[in-house]
Every structure is written in structure tokens, then in C-alpha cells.
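Notes for the one structure printed next.
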Amino acid sequence: MSLLVRAFPLRGSAADLKAFVSALKNERKAEALAFYKSHGVTHESYYLQETPMGNLVIGLTQVDDVPTASASFAQAQTGFAAWFKQQIVALSGVNPDETPNGPPTTLIYEHSETPEIRAHFAPPQL
């Protein structure tokens with residue numbers, strides 16, 4: 001398992017973001033669960049961070065294999081996948097077909113008490 005953490009600028013409104021999340025939790029829940037499962041995602045959460053420079057949406061995803069999931073996500077183009085990606089572009093301006101892991105992220109510091117903990121949080125090798 002790997003953790004994928006990324007931050008997206010929120011170009012849409014917080015209300016638009018909440019509508020997207022509501023759809024994932026309600027009317028599109030079954031599709032979302034099947035979509036996540038098809039890409040090996042075992043956990044996904046989003047956090048809204050309000051800053052003086054603008055809002056960010058921070059995504060945390062636990063996935064079986066980041067390179068495999070990234071490739072399959074980038075290639076998915078129909079049905080729920082197309083809708084999901086359209087929402088990401090509308091909300092953030094980030095195109096998941098071009099950057100399936102979100103905007104580029106560079107690890108600049110980490111601390112782990114043990115090698116086992118570090119292995120769980122190690123950035124994926126892409």
C-alpha cells in the first residue's frame with residue numbers, strides 16, 4: 001500500500017466542491033466505489049484548506065500500486081471516469097489525463113519513528 005497526497009487549487013467555489021462530494025457520497029456512490037476499487041484505491045479523503053492565497057483541496061489516497069493505478073486512471077475515459085475527471089478540471093484547472101497524480105509534489109521533509117512506519121508513508125516511486 002502507498003499513500004498519495006496532493007494539493008489542488010480550488011478555482012471553483014466551495015459550494016461547487018461540496019456538490020461534487022455530495023454526488024460521490026449519494027447519487028453516484030455505487031459508481032464511485034466501483035471506480036475506486038477498479039484502480040486499487042482502498043481509501044480516499046479530501047480536505048478543504050482555506051489560505052490567504054486561496055483555497056486548496058488536499059487529497060489523500062491509499063492505493064495498492066501507484067504507477068499501475070495512475071496509468072489506469074489516466075486511460076479511463078468513459079462513464080463515471082469522464083464525469084469525475086470533468087469535475088476535477090472544473091474545480092481545480094488540473095487535467096488528470098495529463099497529471100493523474102495531481103500537481104507535481106516533492107517531498108521536502110519526513111520523520112518516521114521506525115523503518116516500518118516509514119515504509120507505509122514512503123512516497124511512491126513513479
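The values are calculated or read from the model by the stated rules, or taken from the named source; none is laboratory data. Only a predicted model underlies this, so the values are computations on that prediction, with no experimental measurement involved. Backbone-built Cβ (ideal geometry, glycine too); neighbour counts: all protein chains shown.
Observations
- For the stretch 2-37, a residue qualifies if it is over 22 Å from THR51 (Cβ atoms) and under 15 Å from the mean Cα position of the chain (by Cα), and the qualifying residues are SER2, LEU3, LEU24, ALA32, LEU33, PHE35, TYR36, LYS37.
- Scan of the stretch 45-72 for residues that are farther than 21 Å from ARG11 by Cα and either charged (D, E, K, R) or without any contact (Cβ under 8 Å) to a residue 12 or more places away in the chain (or both), ordered by number: ASP64, ASP65
- Residue match in the stretch 98-109 (condition: among the acidic types (Asp, Glu), modelled with pLDDT of 90 or more and more than 13 Å from the chain's Cα centre (by Cα)): yes
- If you go through the stretch 34-44 and keep only what is closer than 17 Å to GLN87 by Cα and free of Cβ contacts under 8 Å to residues at least 40 places away in the same chain, you end up with TYR36, GLU44.
- Residue in the stretch 25-40 that is in contact with a strand residue (DSSP E or B) (Cβ under 6 Å, 6 or more places away or on another chain), closer than 25 Å to ALA119 by Cβ and not hydroxyl-bearing (Ser, Thr, Tyr) present: yes
- Elements of type strands (runs of 3 or more DSSP E) in the stretch 1-100, at least 2 residues being polar (S, T, N, Q) and surrounded by fewer than 12 Cβ atoms within 10 Å (Cβ to Cβ): 41-51
- Some residue of the stretch 57-68 being among the small types (Gly, Ala, Ser) and either modelled with pLDDT of 95 or more or more than 20 Å from VAL89 (Cβ to Cβ) (or both): no
- Extreme residue, modelled with the lowest pLDDT, among residues of the stretch 110-119 that are assigned to a loop (DSSP other than H, G, I, E, B) and among the charged types (D, E, K, R): GLU110
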